[in-house]
Amino acid sequence: MKATSIIAATLLLGTLAIGGEQFAMSDADRALYAELLENNPAEMDVQWGGELVEEYCGGDAGLAKFMGVSEAKLPEYISGFPRYIKPFDAVLGVDQVMQALMAKNGHKPFKLSSKEMFAMLAYAKSLANEEPVRVDVNANPQMRAAYKLGEEVFMTARGGRGLSCNSCHSADIIGSVLRTQPLPDLGENAAGATWPAYRMTKSQLRTLQRRFQGCMENALLAVLPIGSDEMVGLEVYVTNLAKAKNKTIAIPGLKR
C-alpha cells in the first residue's frame, strides 16, 4: 500500500474514532480560541515589530522607498509577496527584503528565524491587512520558476515516512482528523494570508515558513532552511492557493 493510502486510511479511522471534527478542540480550547480572537497576544509582537522597523528600516517611509513604491502604495505592494525583486535577481519574502534594508542602513540583519524578524515580518505584512492576496505567479519567468519549485516541494514524497505536504492536504484528505486537528484546505483557510500568526500550542508568534518547518519535523522530513529557494517557492505556491480562493490578508492570524 502506498504511503498516501496508508495515511488516508489512518486519518479516516481517526475521524471515526473520535466522532468527527466537532471533537478536534476541547470546550476549554474553544473558549480560549474565542477569547484570543478578540485579544490576540501577537498584536504585541506586531507593535514591537513596528518599533523595530522604525529603528532599523526607517519606518514605513523607509521601507516604501527601498521597495521603490510610494508609502500610499506600500500595502498593495506588500500584498503581492513573495515577489521577484530585480536588484537581487531573486524571488524574496518581505523579511528578506527587510534584511537587505537593514544591511543598507548599516545594521547587522536579524536572522530570518529570530523572534525580532518574526515580529518585523508580522508588522510589515499587517500593513496589507484587508488587501486581497496579489501574489502573481505569472508575473515573470522567475515567479513561474518559484511556483514550479514550490509545487514540486509540496508534491514530492520524501523522508522516513515517504510523505509530502500533499499527503495531508490533498482533496481526498482534507477534513480528516490527525492528532485531534482537522486537516485544512490551505487555500480555504488562507494559510498564505494569515501568517505570521499566534500559535496557541506554542504560545508564541510563528511565520508560515516556520510552520512549514514544524510540519517537516513531525513528518520526519529533512527540514528546509527558512529563506531557502525551496521554502520561498513553497510559500509562493501556498499563497497562490489563498489567492485562488479570493482571500484577504489578516495579520496576525490565530492558529491552534
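Between rounded, prolate and oblate, where does segment 185-256 land on the alpha carbon gyration tensor, with a ≥ b ≥ c its root eigenvalues, rounded for a/c under 1.5, else prolate if a/b exceeds b/c?
oblate
Do the sum for the chain: with -39,500 (n - 2.57) for every DSSP H run of n ≥ 4, divided by all residues, what is the mean residue ellipticity at 222 nm, to the nearest 500 deg cm²/dmol?
Per the formula, -15500 deg cm²/dmol.
To test your reading of the geometry: what angle, between 0 and 90 degrees and rounded to tens, separates the Cα axis of helix 141-155 from the longest principal axis of the chain?
The angle comes out near 30 degrees.
At a Förster radius of 35 Å, what calculated FRET efficiency corresponds to the Cβ-Cβ distance of residue 54 and residue 200, to the nearest 0.05? Write out the running numbers ahead of the final one.
Values: r = 29 Å, r/R0 = 0.83.
That pair, residue 54 with residue 200, gives E of 0.75.
Could you list which residues have their amide H under 5 Å from that of residue 158, counting only those 5 or more apart in sequence or on another chain, with H placed in the peptide plane?
Amide H neighbours of residue 158, under 5 Å, 5+ apart: 163, 164.
Given labels modelled 7 Å from the Cα in the Cβ direction, how far is it in nm from residue 115 to residue 69?
The two pseudo-label positions are separated by 3.0 nm.
So what is the accessible area of the chain per residue, in Å², with the probe set to 1.4 Å?
For the chain, the solvent-accessible area averages 50 Å² per residue.
By how many nm would the segment from residue 220 to residue 44 lengthen if fully extended, with 0.36 nm per residue of separation less the alpha-carbon distance? Present the calculation step by step, with values, prior to reporting the outcome.
On the way: separation 176, 0.36 × 176 = 63.36 nm, distance 3.30 nm.
So the chain would gain 60.1 nm between residue 220 and residue 44.
Just tell me the longest site-free run in the chain, where the sites are GluC sites (Glu not before Pro) in a DSSP loop having at most 16 other beta-carbon atoms within 10 Å.
It works out to 1-129.
Using alpha carbons only, how many degrees (0 to 90, rounded to 10) separate the axis of helix 229-244 from the longest principal axis of the chain?
In the chain, helix 229-244 runs at an angle near 80 degrees to the longest axis.
Is the shape of segment 114-249 best called rounded, prolate or oblate, per the rule: a/c under 1.5 gives rounded, else a/b larger than b/c gives prolate, else oblate, with a ≥ b ≥ c the square roots of the Cα gyration tensor eigenvalues?
On the way: a/c = 1.33, a/b = 1.14, b/c = 1.16.
Taking the square roots of the gyration eigenvalues as a ≥ b ≥ c, segment 114-249 is rounded.
What is the chain's relative contact order, in percent, from Cα pairs under 8 angstrom and six or more apart in sequence?
For the chain, the relative contact order is 26 percent.
Which of 156, 239, 207 moves most in a GNM of the chain, Cα contacts under 10 Å?
Largest GNM mean-square fluctuation: 156.
Using the alpha-carbon atoms, what tilt in degrees (0 to 90, nearest 10) does helix 94-104 show relative to the longest principal axis of the chain?
30 degrees
Spelling out what I want: for every residue of segment 199-215, take phi, set θ = phi - 60°, compute 6.51 cos²θ - 1.76 cosθ + 1.60 (Karplus), and round to whole Hz; glycine and proline get x.
9, 4, 6, 10, 6, 7, 6, 10, 9, 4, 5, 5, 5, 3, 4, x, 4
Let me know the shape class of segment 34-115, please: from the alpha-carbon gyration tensor, a ≥ b ≥ c as square roots of the eigenvalues, rounded when a/c is under 1.5, otherwise prolate if a/b is greater than b/c, or oblate.
Numbers: a/c = 1.75, a/b = 1.49, b/c = 1.18.
In terms of gyration-tensor shape, prolate.
Percent of accessible area on the chain owned by carbon and sulfur, 1.4 Å probe?
Details: 6720 of 12760 Å².
Here carbon and sulfur together make up 53 percent of the probe-accessible area.
Give me, ordered by chain and number, the residues 5 or more places off residue 204 or on other chains with an amide H under 5 Å from its own placed amide H.
199
Please report the net charge: other residues with Cβ closer than 13 Å to the Cβ of residue 146, K and R +1, D and E -1.
Cβ neighbours under 13 Å give a net charge of -4.
Would you pull out the residues with amide H under 5 Å of residue 254's amide H, same chain only if 5 or more places away, H placed 1.01 Å from N?
198
Just to be sure I understand, if you calculate P(r) over Cα pairs in 10 Å bins from 0, in percent for this structure, which of (i) 8, 34, 38, 18, 2; (ii) 7, 29, 36, 20, 6, 1; (iii) 7, 24, 24, 17, 12, 9, 5, 2, 0, 0 do you get?
Read-out taken from this structure: (ii).
The values are calculated or read from the model by the stated rules, or taken from the named source; none is laboratory data. These figures come from a predicted structure and were not determined experimentally. With ideal geometry, Cβ positions are generated from the backbone for all residues, glycine too; neighbour counts draw on all protein chains shown. Surface accessibility is based on the protein's heavy atoms, side chains included, excluding ligands, DNA and RNA. Shrake-Rupley method; radii C 1.70, N 1.55, O 1.52, S 1.80 Å.
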